[in-house]
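Each remark here refers to the structure printed beneath this line.
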Amino acid sequence: MLGAEVTFDVALPKVVWGWLVSTNMWAKSIATGTFLLGLYFIKRYPENDNFFRKWIPILGLIFIGITLLVTVLDLHHMFRFWKIFLFAHFTSAVTLGAWVVSGFVIVLLISFWSWITGNKKLFDKVMIPGSVLAFFSTIYTAGIMGQSTAREFWVFPAEMIQMLLSAAIAGSATYLLIMSIYNIQNENIKRELGYILIGSAFLSGLMYVGELLFSKMHSEFSYETAKILLFGEIAPFFWIGLFLTIVIPIVLVGIANEKKKYEYIPIGSVSALIGLWFIKHAWLLAPQMLPLS
């Protein structure tokens with residue numbers, strides 16, 4: 001029959017998007033966050049740009065590699081992923097994301113070649129397109145979640161902002177951790193990275209609290225999802241993630257910045273990175289634990 005349409009009208013028997021998708025979002029936040037913040041600090045502190053020109057491609061390639069690996073592993077037919085490029089349908093956020101991330105990988109490879117050859121001008125030429133690709137690589141997952149119309153808890157504008165805040169948290173925490181490990185002494189950059197981490201963690205926490213408080217006004221589905229997050233079987237993931245990602249970094253990095261006790265920075269940074277995975281995992285699983293009909 002022409003015009004026939006197939007839809008899901010029964011409850012799914014299990015969680016479809018699991019830890020592989022959570023790891024995808026977590027690793028992507030680190031890759032894009034370090035890229036975007038690295039560009040900012042290259043422009044702001046050109047006299048110290050060697051640090052960021054080195055770590056932008058290294059961190060980007062490692063963590064975008066993890067993103068692509070877990071994405072392919074999560075596919076039902078992983079050896080058919082090439083069809084998304086040869087038979088592309090650009091009405092899907094999945095297709096758009098695949099193309100954008102592929103472009104971002106090319107920019108990272110160029111930045112890596114720029115670093116090992118010492119050709120700074122080469123990387124400077126791809127900074128602007130790279131920042132655009134990094135931005136859309138960060139938010140395309142929000143588009144995928146927003147297209148899941150049965151999951152009313154995932155609303156594209158809110159998810160997009162959370163993805164950007166996650167990138168800021170992950171990027172700042174990663175750079176702070178590396179600076180601590182290699183004992184890089186640059187107080188201005190450390191303090192600014194610290195304030196970015198504190199600010200993004202605070203805003204992210206406010207969004208989570210706001211979405212949970214007003215979930216009942218949105219729909220019954222959202223309210224039931226909020227109860228699963230707060231009191232259900234995945235509540236430990238959510239509360240641990242909230243504490244590690246929001247509370248500990250704000251306190252420890254805040255003390256480090258205000259009291260100049262920079263020994264607290266590594267603990268706050270590691271806490272933010274670990275907690276980010278937990279909170280993303282809980283936020284991803286909760287809506288899938290309710291039947292669709």
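Computed from the coordinates by the stated procedures, all read-outs in this text should not be read as laboratory data. Every value quoted in this text rests on a predicted model; they were computed, and no experiment measured them. Positions of Cβ are generated from backbone atoms using ideal geometry, with glycine treated the same way; all protein chains shown enter the neighbour counts.
Let me have the 222 nm mean residue ellipticity of the chain computed from DSSP H runs of 4+ only, each contributing -39500 (n - 2.57), with the sum over all residues rounded to the nearest 500.
On the way: 13 runs with 217 residues, N = 293.
Helix contribution divided over all residues of the chain: -25000 deg cm²/dmol.
With the cut-off at 1.5 for a/c, could you classify segment 225-293 from its C-alpha gyration tensor as rounded, prolate or oblate? It would help to have the intermediate numbers written out before the result.
Values: a/c = 4.51, a/b = 3.45, b/c = 1.31.
It comes out prolate by the Cα gyration axes.
With Cβ to Cβ distances under 13 Å as the rule, what net charge do the other residues near Ser204 carry (K, R +1; D, E -1)? Can you show the working numbers first?
Values: positive: Lys280; negative: Glu159, Glu211.
For residues surrounding Ser204, the net value is -1.
Taking a threshold of 22 Å on the Cα-Cα distance, which of the pairs Lys260/Lys280; Lys227/Lys280; Lys190/Lys261; Lys28/Lys280 fall above it? Write out the running numbers ahead of the final one.
Working: Lys260/Lys280 31 Å; Lys227/Lys280 16 Å; Lys190/Lys261 11 Å; Lys28/Lys280 12 Å.
Flagged as over cut-off: Lys260/Lys280.
Which ³J(HN,Hα) values in Hz, rounded to whole numbers, follow from the phi angles of segment 123-130 under the Karplus curve 6.51 cos²θ - 1.76 cosθ + 1.60, where θ = phi - 60° and Gly and Pro get x?
5, 4, 6, 9, 4, 5, x, x
Evaluate the distance, in nm, between pseudo-label points positioned 7 Å from the Cα of Glu258 and of Phe85 along their respective Cα→Cβ axes.
With each label point 7 Å from Cα toward Cβ, the separation is 5.1 nm.
Kindly identify the chain as rounded, prolate or oblate by the Cα gyration tensor criterion: order the square roots of the eigenvalues as a ≥ b ≥ c, call it rounded if a/c is under 1.5, otherwise compare a/b with b/c, prolate if a/b is larger, else oblate.
On the way: a/c = 2.42, a/b = 1.29, b/c = 1.88.
Note, shape of the chain comes out oblate.
Along Cα→Cβ, 7 Å out, is where each label goes; now give me the distance between the ones at Lys120 and Tyr223 in nm to one decimal.
Each label point is offset 7 Å from its Cα along the Cβ direction, giving 5.9 nm.
Compute the acute angle (0 to 90°) between the alpha-carbon long axis of helix 248-259 and the principal axis of greatest extent of the alpha-carbon atoms of the chain; round to the nearest 10°.
Once rounded, the angle reads 20 degrees.
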